[in-house]
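Here's the structure, in C-alpha cells; my notes come after.
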Amino acid sequence: MSGLLSEDVLSHIGKQSEPRREIVTRRDIRKYAVATNNRQAKYLDGDVAPPLFHLHLFWDVVPLSELSPDGVSIDSLLPKFPLEKAMAGGLDITYHKPIKPGDWLTATRTLTNIYEKAGRSGPLIFYEVLMEVRGDDDELVVTEKTTRILR
Amino acid sequence: MSPAPTVGMAIPQRQHYCDEVQQMLYNASLWNGHRIHFDMPYATEVEGYPGLVVAGPLMGDWLHQVVDEWLGDAGMITGIEYSNRIAAYVGETVTSGGTVTAYDEATGEVTLEVFVKNERDEVLTPGVITATLTLAS
C-alpha cells in the first residue's frame, strides 16, 4: 500500500447526505420507460415503475453553474480524492417493493467505505455509497450499493 | 413465461441499437449532463473516445429488461449485481441475454447470469440477477 488516503479523506467515511423526498408520477415513469426502449405495457402506460427507475427519481438536480465543465454534477458526499480518473464501477441493488405513481419516496445516501488496493498499473482507490430508498411508512423500497474505482 | 426454468437454460436474447435520439432522451430523463454522451467533439477530442459513450446505467437497464421480459407477469426481479466493464458507443448494436444458474422450486427463487455484449462478442456489462417466480397455488 502506498498510503494515498489521508486521515482527512478517510474521515469522510460515514458521511450522510440530506434525505431527498420525491413524488413518483405516471409521466416520469412513462418517460423513463420510453427512453430505455422498454417494451412492456405496464411500464409504458406508467402503471408501475420498471426496475432502476429510482436512478431517474434521485439523480441529483443541481444548478447549471454547479456542473463541472464536462457536464457532471459534483457529488457533495465525496472528499477530494488523490486519484481522479474514474474506472468501471459496480452496482448491487435489492428491490424490496414495487414503485407506483403517487408514491412519495425518500432517499438517503451514505459514504460507507473508502479503501485502496494495488492495481496492475498503480494504486486504485475504491469507495462505496449506500443509497436507501424508503416510503413514507419508512419501509425499504430499494437498497443500492455502488462501488466506484479511481485510478 | 412459458417453460419452467431449468439450470443452464438460456433466456431469449434481445438486440439493442441506441441512436442519438434515445441517448439524448435517456440522459435527459435522468438529468445527466455528462458531455461524453452527446458532445461528439468533446467525447472524441478531449476524452479520446471513439464516439459518443452509451450511458452505463442504460446498459444496466437492458440487463433488467431481458430478464423482466422473460418473467412477464410470472415473477419479479428482486436484486441485481452488475458492473460496467467496457463501453458501448452510439451506433453499435449490442445484445443482452442470460442463463439460469439456480432455481429453487420451493421458494420460486431463480438466479441468472446476465450480460450485454457487443458485436465482437466482448461482454460489456456482466451481472447476476435474482428474481422470484409467483408459485402456482
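The values are calculated or read from the model by the stated rules, or taken from the named source; none is laboratory data. Being a predicted model, the structure only gives us computed values, none of them experimental. Note that each Cβ is placed from the backbone with ideal geometry, even for glycine, and that neighbours are counted across all protein chains shown.
Only helices (runs of 4 or more DSSP H) whose full extent lies in the range A:1-64 are considered here, and the ones with at least 1 residues that are basic (Lys, Arg) are A:26-35, A:41-44. In the range A:116-141, the residues that are in contact (Cβ under 8 Å) with a residue 60 or more places away in the chain reach residues that are among the small types (Gly, Ala, Ser) and surrounded by fewer than 12 Cβ atoms within 10 Å (Cβ to Cβ) with C-beta atoms within less than 7 angstrom, at least six apart or across chains, in these pairs: A:Pro123/A:Ser2. Just so you know, in the range B:72-89 the residues that are over 20 Å from B:Asp121 (Cβ atoms) and more than 10 Å from chain A (Cβ to nearest Cβ) include one that is surrounded by the fewest Cβ atoms within 10 Å (Cβ to Cβ), and it is B:Ala74.
Looking at the range A:92-101, is at least one residue among the aromatic types (Phe, Trp, Tyr), surrounded by 15 or more Cβ atoms within 10 Å (Cβ to Cβ) and facing another protein chain (nearest Cβ under 10 Å)? Within the range A:92-101 (the criterion being among the aromatic types (Phe, Trp, Tyr), surrounded by 15 or more Cβ atoms within 10 Å (Cβ to Cβ) and facing another protein chain (nearest Cβ under 10 Å)), the answer is yes, since at least one residue qualifies.
Checking every residue in the range A:21-34 against the condition of being in contact with an Asp or Glu (Cβ under 7 Å, 6 or more places away or on another chain), buried (at least 21 other Cβ atoms within 10 Å of the Cβ) and within 11 Å of chain B (Cβ to nearest Cβ) gives zero matches. Failed condition for B:Pro126, given (1) under 21 Å from B:Glu20 (Cβ atoms); (2) surrounded by 14 or more Cβ atoms within 10 Å (Cβ to Cβ), with all others met? Evaluating B:Pro126 over (1) under 21 Å from B:Glu20 (Cβ atoms); (2) surrounded by 14 or more Cβ atoms within 10 Å (Cβ to Cβ) leaves (1) as the failure. Given the condition in contact (Cβ under 8 Å) with a residue 12 or more places away in the chain, away from every other protein chain (no Cβ under 11 Å) and loosely packed, with under 13 Cβ neighbours inside 10 Å, answer yes or no: does some residue in the range A:45-65 qualify? Looking for residues that are in contact (Cβ under 8 Å) with a residue 12 or more places away in the chain, away from every other protein chain (no Cβ under 11 Å) and loosely packed, with under 13 Cβ neighbours inside 10 Å, one finds at least one in the range A:45-65, hence yes. The condition of being in contact (Cβ under 8 Å) with a residue 40 or more places away in the chain, on the phi < 0 side of the Ramachandran plot and touching a Leu at 6+ places or on another chain (Cβ under 6 Å) holds for only one of B:Val116, B:Val128, that being B:Val116. Could you tell me whether the range B:22-32 includes any residue that is in contact with a strand residue (DSSP E or B) (Cβ under 6 Å, 6 or more places away or on another chain), within 23 Å of B:Ser96 (Cα to Cα) and not aromatic (Phe, Trp, Tyr)? No, the conditions are met nowhere in the range B:22-32.
Within the range B:102-117, being crowded, with 17+ Cβ neighbours inside 10 Å and farther than 23 Å from A:Glu144 by Cα holds for B:Tyr103, B:Lys117.
Could you tell me whether B:Thr95 is more than 10 Å from chain A (Cβ to nearest Cβ), in contact with a Lys or Arg (Cβ under 6 Å, 6 or more places away or on another chain) and at pLDDT 95 or above? Against the criterion (more than 10 Å from chain A (Cβ to nearest Cβ), in contact with a Lys or Arg (Cβ under 6 Å, 6 or more places away or on another chain) and at pLDDT 95 or above), B:Thr95 qualifies.
Residue-wise test of (1) touching a Gly at 6+ places or on another chain (Cβ under 9 Å); (2) surrounded by fewer than 17 Cβ atoms within 10 Å (Cβ to Cβ).
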{"residue": "A:Ser76", "(1), (2)": "no, yes"}
{"residue": "A:Gly122", "(1), (2)": "no, yes"}
{"residue": "A:Val141", "(1), (2)": "yes, no"}
{"residue": "A:Leu150", "(1), (2)": "no, no"}
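Answer yes or no as to whether A:Glu7 is under 18 Å from the mean Cα position of the chain (by Cα), charged (D, E, K, R), more than 12 Å from chain B (Cβ to nearest Cβ) and loosely packed, with under 13 Cβ neighbours inside 10 Å. Taking the combined requirement at face value, the residue does not satisfy it. Among the residues making up the range B:34-84, those that are charged (D, E, K, R), closer than 28 Å to B:Met9 by Cβ and at pLDDT 95 or above are B:Asp61, B:Asp68, B:Glu69, B:Glu81.
Out of all the residues in the range B:40-55, is one or more under 28 Å from A:Ser73 (Cβ atoms), surrounded by 17 or more Cβ atoms within 10 Å (Cβ to Cβ) and touching a Cys at 6+ places or on another chain (Cβ under 8 Å)? Yes - at least one qualifying residue is present in the range B:40-55.
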